[in-house]
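All remarks here apply to the structure that follows.
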Amino acid sequence: MQTREYEKFDIVRVATVFGVKLHPIQRNPVEYKALCPFCGDTKYHLGLNRAKEQFHCFRCKESGNSVTLVAKLCGVSNGEAYRMLKKALDDPFLPLPRLPEATQVLTETPIKSVRERHSVYYDLLSLLSLRPMHRENLMERGLSFSHIHQFMYRSIPLDPVFRREVLKELSSKHDLCGIPGFYRDKNGDLQMFVSKYSGMYIPVCDKDGYIQGLQMRLDVPSGGSEKKFRWFSSRHFNEGCGAKPWVHVVGDVGADEACLTEGAMKSDITSVLSSGRLFIAVPGVNAIGELPAVVRSLGLKTVYEAFDMDKRSNPEVKRALISLRETLARCSVKCVSCSWDPRFKGIDDYFLAKKQYEEQMCAA
Ligand SMILES: [Zn+2]
C-alpha cells in the first residue's frame, strides 16, 4: 500500500504571509497565539501549533493545517491553496500573493444578543449629546424636552477625535465584536460606521424597552434621492455585523391592538401625541420579516396599518400592503387600513395638526 507523504509548512510563517495577525508577545516557541480571522476574534483565540502544523480557534472552533488555512482565508480549493503556498514560500524572488479584497480577513461576525446590544448602544448614547438643530426639529414635530430625553435621541458624532474617545471608552467596557455598526479597519483599529451626512441616532426598541439596534436619520439635502434613514450597521466591513429589520415597539404594551407605521421616530411621536397608545414600526413597508414574531409576542388581535398617505398612489406601497395583510392574516391578526386627510402625509403630521387645532379651540 502506498501512503502519500504531505509536504510540511511552517504554519506560523504561512499565517503571517497570508495576513493573520500574531500576538505581539509569544511565550511558547511551538504554540503561537494569533487573532482568528474567521470569527471576528479580538482576543487572540487562534492557536498555531508549529510542531503539529495545525491551527485551532478556541472561539469558533475552526481548525486545520497550513493548506486548509490558506484555502479558507482565500476562498479557494485545497489544491489551489497548496499552489499559492508553494509560490509564496518557496521562491523568495516572487512577490507574495495579494489576497482579493473581499477575502482579505473580511469576516462578518455573529450578532450578539439583544441584551448585549442594548448595553453597548445605551452606553454609546449616554456618551453623546443632541445638537440644538436636531432638538428643535424634534420639538417642532410635537415632542417635549422630556420625551426627547426619554427616547434617547442623540446626534451622530462628527469629530473623529471625539469618536476615537467614544470607541476607547466603549471598548474598555464591552466586546464590540458582533454589535452592528462597529468594525475593524485594515490596521486592526476599532471603528464605528459613519455616513458623510450628520444626523441622529434613533433607538429601535423591543417590547421590554431593550435597544435592538440604532437607525440613523441623516440630514440629507431635501428633494434629493439619497436615503434619509439607514441602519447603524457594519455589514460588509471587516469584523463587522449587519442589522436586521427590527420592529420598534412604543406605548402601552398591554393593549391588544396597535398602530403600525414605517419608522421608529414616527411611531414614537404619534404614540406621544395619542397619549401613549401602542405603536409598532417596521423599518420599511417591505421590511416586515420580524413582524410576525412581534405581533405574536404582544398578543395583538388588531393592527391598524398607518403607513404614509401616498400609499394610495404608490404602486410599490400598494403591493407591500397586500403582502402585509397576508402576513398578518397568517398570524390571525385583523388588519385595518387607516386613512386621514391626505394633506398630511404621515400619521404623525396628522396627529400634530389635530393637537394644534384642539389647543387653538381651547384657547379661543
Ligand atoms: Zn475563530
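Structure values in brief
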item	result
Which of GLU359, GLU116 has the fewest Cβ neighbours within 10 Å, and the rest in rising order	GLU359, GLU116
Potential lengthening between LYS301 and LYS21 on full extension [0.36 nm per residue; Cα-Cα distance subtracted]	95.4 nm
Set LYS207/LYS301; LYS311/LYS355; LYS228/LYS355 screened for pairs whose C-alpha atoms are more than 22 Å apart	LYS311/LYS355; LYS228/LYS355
Gained length - GLU80 relative to GLU358, 0.36 nm times residue gap less alpha-carbon distance	92.7 nm
Candidates SER155, SER297, SER119: whichever shows maximal mean-square fluctuation once the chain is modelled as a Gaussian network with Cα springs under 10 Å	SER297
From phi via Karplus (6.51, -1.76, 1.60), per-residue ³J(HN,Hα) for region 209-218 in Hz, x at Gly/Pro	x, 6, 7, 7, x, 10, 9, 10, 9, 8
Under 5 Å, built H, 5+ apart or other chain: amide partners of ARG235	GLY181, CYS241, GLY242, ALA243
Length released on extending from ASP252 to SER172, taking residue separation times 0.36 nm less the Cα-Cα span	25.2 nm
Footprinting exposure proxy for THR109, THR261, THR68 (fewest neighbouring C-beta atoms within 10 Å first)	THR68, THR109, THR261
Estimated vicinal HN-Hα couplings, Hz - region 189-203 in sequence order (Karplus 6.51, -1.76, 1.60; Gly, Pro = x)	7, 5, 9, 10, 5, 9, 8, 6, 9, 6, x, 10, 8, 10, x
Free-standing Cys, the chain [no other Cys Cβ under 4.7 Å]	CYS74, CYS177, CYS205, CYS241, CYS259, CYS331, CYS335, CYS338, CYS362
Computed [θ] at 222 nm, deg cm²/dmol, the chain (DSSP H ≥ 4; -39,500 (n - 2.57); rounded to nearest 500)	-10500 deg cm²/dmol
Residues LEU35, LEU190, sorted so that the one with the fewest Cβ neighbours within 10 Å comes first	LEU190, LEU35
Axial C-alpha extent at least 27 Å, average Kyte-Doolittle at least 0.5 - helices from the chain (DSSP)	none
Cα convex hull volume per residue for the chain (Å³)	204
Net charge contributed by nearby residues that have their C-beta within less than 9 Å of GLU53 (K/R +1, D/E -1)	+2
GluC sites (Glu not before Pro) lying in DSSP loop within region 153-231, provided at most 13 other Cβ fall within 10 Å	GLU226
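FYI, it's all coordinate maths here, none of it is from the lab. Just so we're clear, the structure is a prediction, and the values are computed from it rather than from any experiment. Neighbour counts run over all protein chains shown; Cβ positions are idealised from the backbone, glycine included.
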